[in-house]
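For reference, the structure discussed in these notes is given below.
The values are calculated or read from the model by the stated rules, or taken from the named source; none is laboratory data. All values reported here derive from a predicted model rather than from experimental measurement. Note that we place each Cβ from the backbone using ideal geometry, even for glycine, and neighbour counts take in every protein chain shown. For accessibility, only protein heavy atoms count, side chains too; no ligands or nucleic acids. Shrake-Rupley method; radii C 1.70, N 1.55, O 1.52, S 1.80 Å.
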Amino acid sequence: MPSIRMKAISSGDTTEVQALVQHPMDSGFVKDPSGALIPPHHIETLVFSHNDKPVFTAYWGPAVSKDPYVKFAFKGAAKGDTLQATWIDNMGKTDTGTAKIA
Amino acid sequence: MIVRRLLAVLIAGASLGAAPAPAPNPETDRVAFQSYFFTKFPNVKHEEFGNGPYAVNAPMRKQWEEIMQFPPYEPALDEGREAFEAPFANGRHYSDCFDNGGDGIRQTYPRFDTKTGEIITLDGAINACRVSNGEKPLPLQTGVMASITAFMSESSRGKPFDIKIPADPRALAAYERGKEFFYARKGQLGFACASCHVQGAGERLRGDILAPALGILAAFPIYRSDWGAMGTIDRRFTSCSAQTRAVPLPAQAAAYREVEYFLSYMSNGIPITGPGTRP
Amino acid sequence: MSLHHTASQEATRRTALRLLAGLGLYGITMPSIGQAFASDAPGWPEAAFKAKTQDEVLAALYKGKLEMSKDVTIETPEIAENGAVVPVSVSTKLPGVTSISILVPENPYALAASYKLADASMAMVGCRLKMAKTTKVIAVVEAGGKLYAASSDVKVTLGGCGG
Amino acid sequence: MKTASFAFLGLMLCASAMAATQPDAEATFKAAQSEEALAKAEQAAWTTTETTLADAQKSLTAQKWDEAKALADEALALAKRSRAQATEQKTLWQDAVIR
């Protein structure tokens, strides 16, 4: 299962993007059932690009909710174009996803 | 004459002292149950009751609408579809076990099984299907079970609960036991299901708005922010028990299946909204 | 997708890093962002995310003074249904917006999220944040090199940082 | 000399108090355990009884008889109350039904 789900909808010149990433976003302040602190594990950057150009970059800390969601909009894309998103977390893990603009 | 009159008085007195329980009539119960909630929440459209706290609290509804722009259960829906469509080792499918291939049938569960005399929930039917096809049953509270029921519920969205109580004394007895479970106080806190979800419905308990009992199961399975994950009806029942400081029963315990039967019957006519999201 | 670190994911990570570097993101950061640790993602403003107070965050992230502005709109619920998931959205009609940051001063670390906007981006963002307790939420918009802010209050009865 | 004999006296008292309560604590614990088993069989058990029983067990293992006895007493009382609640609710639930 891809970790990034995107909905990119174009209306006129503007494309509205919503993305949902599956990630624990552990804050480092929560204890597991045995009482031990769960170490922080969160996405640090999430970059959206269109035609290989970044259109929106999120820098996130541990206060972003589990399975994070972000919504933004940008200009200059057309229906059928591909939007790409890549995240990297504080443990060095990463994933990339794409979506067709509808 | 005098003796007879005396006897009559005595009998009347006895019946006054200990009023016999009225003969069970689920349909009378359902009408009274629903009109209680319709009166308590006069501004809530009847079909909205499947949206739980969001039906009765405007600020919560606004947050919910924002969350529903990209519901956190979507990954589970995809996982559920994949799991539902994957064949068992023997080549058969889940769809072989259900009416209409399992499409749009969520609102007809739980059912009374005339063969075993037991209440069978959708989750139970899914595991029964697996076992009859030589597969191991799924864990009941979360994970793939929640994903499959999410997928099956989605195909029933908008279809009103349609629970049947067949003319079988065992079905009526199961219904009555479910009703007793719903209204009886339990746990060290002495809370019944009804304490929170009838009398307390719409009110705030700690941070939460208590959902009305009417339609409360229509949204399951749910993604709860509190869990940060999906959960089934069993997961909710066991956590409800623990919250009242009662030792939770095992998932799919007869008592849980029966209270699900009762509650779902009470909600006949309220459309399925699941899968749902809750705080 | 599994979060276990596999060889193929390591390869993806390298590809991603190369991609980010190639896109010119590496090193291009907001003014006065401190040097990120090698283990952190390129461009991630570590000092700002480790800061405890609003002032420390602003000092780590930006230069200049904050000005409260009616042109910045922040939307939050009055009472959070769950502190673990509070929807927050920020938008502005101000021209030349290059970044939007969201601060939750009552959290252990004050900075929750910082968004870098490209020329093509519209000046708006929506996200979901954790809030430990009742707090102000501050949106900082960087536009034309100046800082504009708006704040809003969120009542949290069920904290988002507990177990 | 005086101090030593007082200390000795103290030890004696302590020892006799221990000897008196160990069987007591164990018996009460057993009683609480079986009462709780009945509550569970009736699906009437409380989580608080379970945790109090577990605490009593820990005190028994630690040979803290006074503490174990007190906790076992509490667990027994809780288990009894949970069963009484279940019995009482067998009829009382009817009063809550929406009619």
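So the values come out like this:
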item: Interface size C-B, as summed buried accessible area [1.4 Å probe, Å², nearest 100]; result: 1300
item: Förster radius 22 Å - calculated FRET efficiency between residue B:115 and residue B:95, Cβ distance, rounded to 0.05; result: 0.55
item: Under 18 Å from residue A:31, Cα to Cα: aspartates and glutamates that are on another chain or at least 8 residues apart; result: B:226
item: Accessible area of region A:4-100 belonging to carbon and sulfur atoms, whole % at 1.4 Å probe; result: 53
item: Whole-Hz ³J(HN,Hα) from phi, Karplus 6.51 cos²θ - 1.76 cosθ + 1.60, for region B:163-177, glycine and proline x; result: 9, 10, 10, x, 6, 9, x, 5, 5, 5, 5, 5, 4, 5, 5
item: Estimated buried accessible area (total), pair C and A, 1.4 Å, Å² to nearest 100; result: 3900
item: When the convex hull of its Cα atoms is projected in every direction, mean area for chain B (nm²); result: 17.7
item: Neighbour cut-off at most 14 other Cβ (10 Å), DSSP loop, GluC sites (Glu not before Pro), region B:191-279; result: B:203
item: Shape category assigned to region B:58-110 from the gyration tensor of Cα positions, a/c cut at 1.5; result: oblate
item: Computed Rg/Rh of region A:4-100, alpha carbon atoms with Kirkwood Rh; result: 1.07
item: Surface per residue (accessible, 1.4 Å probe) for the protein assembly as shown, Å²; result: 46
item: Percent of beta bridges antiparallel (DSSP, the protein assembly as shown, rounded to nearest 5); result: 90
item: Shape call, region B:169-279: gyration tensor on alpha carbons, a/c limit 1.5; result: rounded
item: Sites matching GluC sites (Glu not before Pro) across region D:20-99 that sit in DSSP coil, with at most 16 neighbouring C-beta atoms within 10 Å; result: D:42
item: Carbon and sulfur %, accessible surface of region C:33-145 computed with the full protein complex present, 1.4 Å; result: 54
item: Given charges at beta-carbon only (K, R positive; D, E negative), |dipole| of region B:74-154 in Debye; result: 320
item: Average beta-carbon neighbours from other chains, 10 Å sphere, peptide A:92-98; result: 6
item: Sorted peptide list for B:59-68, B:178-187, B:40-49, criterion being average Cβ within 10 angstrom, highest first; result: B:178-187, B:59-68, B:40-49
item: Estimated FRET transfer efficiency when R0 is 22 angstrom, pair residue A:79-residue B:65 (beta carbons, to 0.05); result: 0.25
item: Cut-off 13 Å between beta-carbons: net charge of the residues surrounding residue A:102, Lys and Arg +1, Asp and Glu -1; result: +1
item: Viscosity 1.306 mPa s, temperature 10 °C, Stokes-Einstein D of region D:21-96 from Kirkwood C-alpha radius, µm²/s; result: 127
item: Share of carbon and sulfur in the accessible heavy-atom surface of region B:20-108 [1.4 Å probe, %]; result: 52
item: Set of lysines near residue D:30 by C-alpha distance (under 30 Å), chain-local residues within fewer than 8 positions excluded; result: B:186, D:40, D:58, D:64, D:69, D:80, D:90
item: Solvent-accessible area buried by D and B, counting both chains, probe 1.4 angstrom, square angstrom; result: 1700
item: DSSP bridge orientation in chain B - percent antiparallel, rounded to nearest 5; result: 75
item: Part-to-part distance (alpha-carbon centres) for region C:80-100 and region D:29-99, which is given in Å; result: 51
item: Shape box of the protein assembly as shown [Cα atoms, principal axes, largest first, Å]; result: 102, 91, 56
item: For A:25-35, mean number of other protein chain Cβ atoms within 10 Å; result: 3
item: Cα-centred dipole magnitude for the protein assembly as shown, charges only on beta-carbon of K, R (+1) and D, E (-1), debye, nearest 20; result: 700
item: Of A:71/C:133; A:93/C:146; A:66/C:146; C:50/C:116; A:53/C:63; C:65/C:136, those spanning more than 29 Å from alpha-carbon to alpha-carbon; result: A:93/C:146; A:66/C:146
item: Unpartnered cysteines - no second Cys beta carbon under 4.7 Å - across chain B; result: B:193, B:196, B:240
item: Computed lengthening from residue B:35 to residue B:78, 0.36 nm per intervening residue step minus Cα-Cα distance; result: 11.7 nm
item: Shielding by partners, peptide B:28-36 (average Cβ within 10 angstrom, other chains); result: 2
item: Protection proxy ranking, peptides B:156-167, B:211-222, B:83-94, C:103-114, average beta carbon neighbours within 10 Å, highest first; result: B:211-222, C:103-114, B:156-167, B:83-94
item: Coil-residue trypsin sites (Lys or Arg not before Pro) of region C:51-129, DSSP, other Cβ within 10 Å capped at 14; result: C:52, C:63, C:65, C:70, C:93
item: At least 20 Å² accessible surface lost relative to isolated chain, residues of region C:92-121 (1.4 Å probe); result: C:108, C:109, C:112, C:114, C:115, C:116, C:118, C:120, C:121
